[in-house]
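The values are calculated or read from the model by the stated rules, or taken from the named source; none is laboratory data. Here the structure is a predicted model, which means the values were calculated and not measured. Cβ coordinates were reconstructed from backbone atoms using ideal geometry, including for glycine residues, and neighbour counts include every protein chain displayed.
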Ligand code: HEM
């Protein structure tokens, strides 16, 4: 090939597949992301696959991926099936919005999740951290083997629901209420439908589809009641405009120019619940997966915690987080090795050339971001868990260090607006748990599997917690 010659996707390589079904049989599994990684090994950084004739370009090249992400919203959008499925469920929020609708929604959403507002939401994070700490103290006294993934999910459900629209749940203490049960129905169904080869539910509703409809109706009713209440509350108490106590209130403050319809407000509150729960709890679980294998790192986080908030059980103020630089590095390192969104699905809005590849309008693209995050050329000792590489003072000891290939929160204009919020939750909980406990894996590390269900989590992560004397 001549250098700089524009390459058509027709000429891209392809891993082995079958004639009619293409790569679908291999991809139709619980660990899709690992199948993609194997294909990167087999076919290189840029190749194509097809699912029953529907073609996808796959890129694991960080430069190409960054360019594509930065060409949004004009040249690329999210894979349109995501919007189709979410809209069908009545969810019309910033995650699946495109074009002018996205432009109008993005700024107020990002403002509502700004550092200033996350600081105002901090008491919610703190009270849930205290709640889970108490629960884990009980577990540690009894020597209970803890299903960490389940516990962290309860933690993020409680926080996200209260921050999204002020609805207080106590999933941490198993006081499950119907709202949470309805949410649990919805998450797996989104995953099933986005990855389903044929939308059978549009022609024939099985029992699970009818249950989904019921759950969506119930959630809609609850959220709309909260929207009405919040509107009244803000009219009666203008002071709330200066310090909104949740995302919904913050969104109403930011809504002057965007003029959200009630459906869009509902869609965005719902989007917060969808986008903020699994992603954060899965990242926390992976952090514990590594900490349970690295007691020396736990000790270092503990020392930092003592320095930052002394004898207190939890970091009492938002400012404390600034001091927890090592806990921050630990979370960052867990997201490097185990990003919960290892790939992003996009689609070209128009004909476009990226690097030297010609991409016709309508082409589906999978950006595989994980492979580069674990490559020696970008990070020395790439497969080792070494949080020190993220500490400014220690970076030079690592020859290769390329933060720019980290795409755990996406990139370009559509990068994750919940980053500050999720990082605050993760740093506070990681620091608090390390301050109080030592961790022990109760299964062999190789028995803990990566599982992908819209986001990637550790299956079978079982840990015991030993109190620190
Ligand atoms: C560790 C936790 C999290 C991870 C790893 C994560 C990751 C991501 C990723 C990869 C994207 C796609 C970005 C792109 O297309 O470039 C995204 C988008 C988004 N995330 Fe997060 N996220 C996390 C937490 C949260 C939280 C806590 C919230 C809010 C409560 C949130 C709200 C959103 C929204 C609204 C979008 C769509 C943005 C847009 O399309 O403009 N995320 N997130």
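If we scan the stretch 230-238, do we find a residue that is in contact with a helix residue (DSSP H, G or I) (Cβ under 8 Å, 6 or more places away or on another chain) and closer than 24 Å to residue 182 by Cβ?
From the stretch 230-238, those in contact with a helix residue (DSSP H, G or I) (Cβ under 8 Å, 6 or more places away or on another chain) are 230-231, 233-234; that's our starting set.
Filter again for closer than 24 Å to residue 182 by Cβ, leaving 230-231.
Yes; the residues of the stretch 230-238 include at least one that is in contact with a helix residue (DSSP H, G or I) (Cβ under 8 Å, 6 or more places away or on another chain) and closer than 24 Å to residue 182 by Cβ.
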Residues within the stretch 423-469 that are within 16 Å of the ligand (Cβ to nearest atom) and on the phi > 0 side of the Ramachandran plot, tallied: 1
Breaking point among (1) farther than 30 Å from residue 7 by Cα; (2) buried (at least 19 other Cβ atoms within 10 Å of the Cβ); (3) without any contact (Cβ under 8 Å) to a residue 60 or more places away in the chain; (4) within 16 Å of the ligand (Cβ to nearest atom), for residue 386: (4)
Test: residue in the stretch 43-53 that is crowded, with 19+ Cβ neighbours inside 10 Å and either within 11 Å of the ligand (Cβ to nearest atom) or in a helix (DSSP H, G or I) (or both): no
Residues that are in contact with a helix residue (DSSP H, G or I) (Cβ under 8 Å, 6 or more places away or on another chain), closer than 30 Å to residue 28 by Cα and surrounded by fewer than 24 Cβ atoms within 10 Å (Cβ to Cβ), drawn from the stretch 433-456: 445, 448, 450, 452, 453, 454, 455
Candidate set from the stretch 137-160 (those that are surrounded by fewer than 20 Cβ atoms within 10 Å (Cβ to Cβ) and part of a helix (DSSP H, G or I)); member that is nearest to the ligand (Cβ to nearest atom): 150
Residue match in the stretch 241-248 (condition: more than 21 Å from residue 97 (Cα to Cα) and without any contact (Cβ under 8 Å) to a residue 40 or more places away in the chain): yes
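Just to check your reading of the model, which residue among 361, 338 is surrounded by 20 or more Cβ atoms within 10 Å (Cβ to Cβ) and at pLDDT 95 or above?
Working: 361 fails: surrounded by 20 or more Cβ atoms within 10 Å (Cβ to Cβ).
Exactly one of 361, 338 is surrounded by 20 or more Cβ atoms within 10 Å (Cβ to Cβ) and at pLDDT 95 or above, namely 338.
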Every residue from the stretch 415-432 that is surrounded by 22 or more Cβ atoms within 10 Å (Cβ to Cβ) and either more than 14 Å from residue 328 (Cα to Cα) or without any contact (Cβ under 8 Å) to a residue 40 or more places away in the chain (or both): 418
Among the candidates 341, 280, 271, residue that is within 15 Å of the ligand (Cβ to nearest atom), within 29 Å of residue 188 (Cβ to Cβ), under 14 Å from the mean Cα position of the chain (by Cα) and not in a helix (DSSP H, G or I): 341
Selection count, the stretch 161-177, where residues are touching a residue at least 40 places away in the same chain (Cβ under 8 Å), away from the ligand (no atom under 15 Å from the Cβ) and under 19 Å from residue 273 (Cα atoms): 1
Scope the stretch 90-113; condition part of a loop (DSSP other than H, G, I, E, B), under 20 Å from the mean Cα position of the chain (by Cα) and away from the ligand (no atom under 12 Å from the Cβ); matching residues: 92
Number of positions in the stretch 321-338 that are away from the ligand (no atom under 11 Å from the Cβ) and over 19 Å from residue 392 (Cβ atoms): 1
Condition met for residue 231 (without any contact (Cβ under 8 Å) to a residue 12 or more places away in the chain, surrounded by fewer than 17 Cβ atoms within 10 Å (Cβ to Cβ) and either in a helix (DSSP H, G or I) or under 26 Å from the mean Cα position of the chain (by Cα) (or both)): no
Failed item, numbered, when residue 199 is tested on (1) in contact with a helix residue (DSSP H, G or I) (Cβ under 6 Å, 6 or more places away or on another chain); (2) free of Cβ contacts under 8 Å to residues at least 40 places away in the same chain: (1)
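Output the residues belonging to the stretch 413-458 that are part of a loop (DSSP other than H, G, I, E, B) and under 22 Å from the mean Cα position of the chain (by Cα). Spell out the reasoning first.
Residues of the stretch 413-458 part of a loop (DSSP other than H, G, I, E, B): 415-418, 442-444, 448, 454.
Of everything in the stretch 413-458, those that are part of a loop (DSSP other than H, G, I, E, B) and under 22 Å from the mean Cα position of the chain (by Cα) turn out to be 415, 416, 417, 418, 448, 454.
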Test result for residue 391, within 16 Å of the ligand (Cβ to nearest atom) and under 24 Å from the mean Cα position of the chain (by Cα): no
The stretch 303-326, residues that are surrounded by 18 or more Cβ atoms within 10 Å (Cβ to Cβ) and over 26 Å from the mean Cα position of the chain (by Cα): 304, 308, 309
Qualifying positions in the stretch 234-258 - exposed (fewer than 15 other Cβ atoms within 10 Å of the Cβ) and part of a loop (DSSP other than H, G, I, E, B): 237, 242, 243
